[in-house]
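In what follows, a single structure is set out as structure tokens and then discussed.
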Amino acid sequence: MKRCWQKYWRNSIVKHKMRYVVLDLLIAVWPISLISAGIKNIWRPADRIKRKRQKKKQELSPAPTRRQILGTRITGFAQLLLAVFIIVSLRFSLGWQEKPQVSMLIGDDKRELPYTKIIEAFVKDKNIPGMVVGIIDHHDTVLYGYGFKDYPLLKRSNPVDAHTLFEIGSLTKVFTGLMLAEAVQANNLELQMSVAELLETQTPQEVLLDPDITLEMLVTHTSGLPSIPLTLPMQISLLTLGITRGNPYKTISEQVMVNYFEKLQKVTEHGRVFNYSNYGFGLLGLIIAHNNGKTYEDSIQQLITHRLGMDSTLVHTTESTRKQIATGHHSFLRLGRLNIGRQSQYWDMHDAMAGCGGIRSSGEDLLKFLNGLIEQQQLPFATLAQQPLYSINDQLDIGMAWLIQDDLLPNQKVVWHNGQTGGFNSYLGFVDHERKGVFILSNLATTDVRPLGEELLRTF
């Protein structure tokens, strides 16, 4: 127990996640204290009343009346109910399972390959609940699975498989960038088109924003637009996010997006400074979808997923697909065979913000996607999306969403992107002009899987 706690604490400090540790401690203590107080109020109400009087220095007060005792017991029941509500609403998971192992889901079982041991070491050190890792290394194409897609309270858990769905978070942005590349290559859109003019054709309202903001600025995060549209409901969601682990994007509709855009009368520093903007990519996804005359999800299917045979990649879920989604976790701890986790709500998004992080996908589908990016036969516009458009620093450029890094491998460029939602973490990277690539999907938000991806790329 002590070793597990020390590891959890150390990892949190290293990753600058101290706030998560503090919040988890407070949230764990809160229902426990309520239960303790509730039981005492119900079981020994007279003693509780006497203690309260002693604190107020009322030692000579008369004995508690029946009414006071009844009121104390009612308070105790209310405390117990509140504790149960907190536990249920905050979504804790508890499982008693055999120790999970890294298993081969797709490909030949070659245990001697170096990346197998690297994956096993990472999941053991980071306490990952469930994860899939896809690797293309020249002639080897493999998919590994680890852990379980859910840990229902004291019930049998389901292992991760090739069809398990994960939220990929900002990895969605590369899909949006690819669709923009396709539109540019087909001469349907131009990178220098004004965002204000494009939105003006979709709404009768006057667009007041600086018309100099272009599609290129959106796709390279140089528009100067804020990271998120700070509407009042959004601000409330962000204030409660640390406790509830809820979905901060659920209140953002297309109308909210456009209205917020129109109220931004002047944006400074656009086109000059890299400033990561989920809001900007939400707008970009809207523009691309409207240009195609379809929804964002339908556009993804038409231009990318159907071409590659990706049948499980989606934005909106149904009753059947919901069963395939892994349970996302904000925190997770293994104590021997006992697994304790704090679950997070799914980030269901309207089409308005789907372009920044709304996609869910499986290991099987992303293996097809990674192969399509490397081969480029079925995605002829993929090369255009990978061309640098803006230099972030001496080692890092950005194309159409893709980040291009030249200091990870000697004399080679790595094209990559990562993602995170309230309960998930993701990474996809590949070597430019080489048949080498990796992706990782995890259902633990607070552990960055990018270091694992980079380590695997260095071993190829």
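When you scan region 439-450, do you find a residue that is free of Cβ contacts under 8 Å to residues at least 24 places away in the same chain and closer than 17 Å to residue 174 by Cα, even just one?
Just the residues of region 439-450 that are free of Cβ contacts under 8 Å to residues at least 24 places away in the same chain, to begin with: none.
Scanning region 439-450 turns up no residue that is free of Cβ contacts under 8 Å to residues at least 24 places away in the same chain and closer than 17 Å to residue 174 by Cα.
Testing residue 433 on (1) at pLDDT 95 or above; (2) over 29 Å from residue 129 (Cβ atoms), one condition comes back false. Which one is that?
Unmet for residue 433, out of (1) at pLDDT 95 or above; (2) over 29 Å from residue 129 (Cβ atoms): (1).
I'm checking my understanding of the structure. Among residues of region 366-405 that are within 21 Å of residue 440 (Cα to Cα) and of a type in the set (D, E, K, R), which one is modelled with the highest pLDDT?
My answer is 368.
Can you work out which of the residues in region 172-218 that are in contact with a strand residue (DSSP E or B) (Cβ under 8 Å, 6 or more places away or on another chain) and β-branched (Val, Ile, Thr) is modelled with the lowest pLDDT?
213
Name the one entry in 453, 419, 355 that is small (Gly, Ala, Ser), part of a helix (DSSP H, G or I) and under 23 Å from residue 315 (Cβ atoms). Steps first, please.
Values: 453 fails: under 23 Å from residue 315 (Cβ atoms); 419 fails: part of a helix (DSSP H, G or I).
Matching residue, one of 453, 419, 355: 355.
Looking at (1) surrounded by fewer than 24 Cβ atoms within 10 Å (Cβ to Cβ); (2) in a strand (DSSP E or B), which one does residue 437 not meet, given that it meets all the others?
(1)
Going by the conditions given, is residue 121 surrounded by fewer than 16 Cβ atoms within 10 Å (Cβ to Cβ) and either modelled with pLDDT of 85 or more or among the hydrophobic types (A, V, I, L, M, F, W, C) (or both)? Give the steps one after another, and end with the answer.
Values: surrounded by fewer than 16 Cβ atoms within 10 Å (Cβ to Cβ): yes; either modelled with pLDDT of 85 or more or among the hydrophobic types (A, V, I, L, M, F, W, C) (or both): yes.
Here the answer is yes, as residue 121 does meet what is asked.
With the structure loaded, tell me whether residue 458 is surrounded by fewer than 17 Cβ atoms within 10 Å (Cβ to Cβ) and either touching a residue at least 60 places away in the same chain (Cβ under 8 Å) or of a type in the set (A, V, I, L, M, F, W, C) (or both) or whether it fails that test. Break it down into steps so the answer makes sense when it comes.
Values: surrounded by fewer than 17 Cβ atoms within 10 Å (Cβ to Cβ): yes; either touching a residue at least 60 places away in the same chain (Cβ under 8 Å) or of a type in the set (A, V, I, L, M, F, W, C) (or both): no.
When the stated conditions are applied, residue 458 does not pass them.
Okay, residues lined up against (1) under 20 Å from residue 193 (Cβ atoms); (2) at pLDDT below 90; (3) part of a strand (DSSP E or B); (4) over 24 Å from the mean Cα position of the chain (by Cα):
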| residue | (1), (2), (3), (4) |
| --- | --- |
| 287 | yes, no, no, no |
| 297 | no, no, no, no |
| 312 | no, no, no, no |
| 327 | no, no, no, no |
| 341 | no, yes, yes, no |
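Between a first residue in region 345-361 that is surrounded by fewer than 22 Cβ atoms within 10 Å (Cβ to Cβ) and a second residue that is of a type in the set (Lys, Arg) and outside any helix (DSSP H, G or I), which pairs have beta carbons less than 7 Å apart while being 6 or more apart in sequence or on different chains?
Listed by first residue and then by second, the contacts come to 345/245; 348/250.
Is there any pair with a first residue in region 288-301 that is basic (Lys, Arg) and a second that is assigned to a helix (DSSP H, G or I) whose Cβ atoms are under 7 Å apart and which are 6 or more apart or on different chains, and what are they?
294/302
The values are calculated or read from the model by the stated rules, or taken from the named source; none is laboratory data. Not measured: the values here are computed from a predicted model. Note: ideal-geometry Cβ built from the backbone for every residue, glycine included; neighbour counts use all protein chains shown.
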